[in-house]
Amino acid sequence: MGTQGRKLLEEFGININELITMLQKAYADEFRHAGLVADRIIQLGAQPLLEPKEWMNYTMCGYDRPDNPDVRVLLIQNIKSEQCAIRVYKNLMDFTKDKDPVTYDMALQILEDEIMHEEDLETIQNDIHVMEAKLQR
Ligand SMILES: [Fe+2]
C-alpha cells in the first residue's frame, strides 16, 4: 500500500499493523480450514477438487474480484464472504448432526472461526464509520 493509502487508514484511526495481523490470521486460518476440509474429503474416499477452474462451479459463495482498492469496499466483500461461509458450515452441521460426528466437529470448529472473522471485520467497518462521521463534522 502506498503512502497516501496508509495515511488515509491512519486518519480513519486504523492501526495498520493490527489490521495486517488480523488479516494474516484470517488468511492462515482459511488455509487451515482448506486443509481440514481436504483431509475429510480424502477420509471419505474422494479427492478434493484439484482444478482451480472447478472451484467456481462448486462455490456457494461466489467470488468478488478485489479490483477496488478502497478498504471500505474490500471490507464489504470480505464480510459477505464470512457470512456466506457461516451459512455453508451451518448447513454442513445440520446435514451431519447426530450422523457424522467427525464432519460435524470439523464444521463446528470452522464455524467458530468464521463467526470470529465476521465480528473482527465488522468491528473494523464500524470503526471506519465512526471515524468518517468525525471527519465530516
Ligand atoms: Fe473466514
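To keep it simple, each residue is scored yes or no on (1) in a helix (DSSP H, G or I); (2) modelled with pLDDT under 80; (3) exposed (fewer than 13 other Cβ atoms within 10 Å of the Cβ).
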residue	(1), (2), (3)
Met1	no, yes, yes
Glu10	yes, no, yes
Leu23	yes, yes, no
Ala26	yes, yes, no
Ala34	yes, no, yes
Ala38	yes, no, no
Ile42	yes, no, yes
Leu50	no, no, yes
Glu54	yes, no, yes
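In segment 113-131, the condition of being touching a Pro at 6+ places or on another chain (Cβ under 7 Å), under 20 Å from Cys61 (Cβ atoms) and either of a type in the set (D, E, K, R) or free of Cβ contacts under 8 Å to residues at least 40 places away in the same chain (or both) is met by no residue. Regarding segment 84-97, can at least one residue be identified that is within 18 Å of the chain's Cα centre (by Cα), over 23 Å from Asn15 (Cβ atoms) and among the β-branched types (Val, Ile, Thr)? Yes - at least one qualifying residue is present in segment 84-97. Pro101 satisfies every condition listed in (1) farther than 15 Å from Asp29 by Cβ; (2) within 16 Å of the ligand (Cβ to nearest atom) except (2). Given the criteria within 16 Å of the ligand (Cβ to nearest atom) and at negative phi, does Gln77 qualify? Yes; evaluated as a whole, the condition is true for this residue. When each of Ala107, Ala85 is tested for being assigned to a helix (DSSP H, G or I), within 9 Å of the ligand (Cβ to nearest atom) and under 16 Å from His33 (Cβ atoms), the lone residue that passes is Ala85.
The values are calculated or read from the model by the stated rules, or taken from the named source; none is laboratory data. Bear in mind that the values here come from a model prediction, so they are computed numbers and not experimental data. Virtual Cβ from ideal backbone geometry, glycine too; neighbours counted across all protein chains shown.
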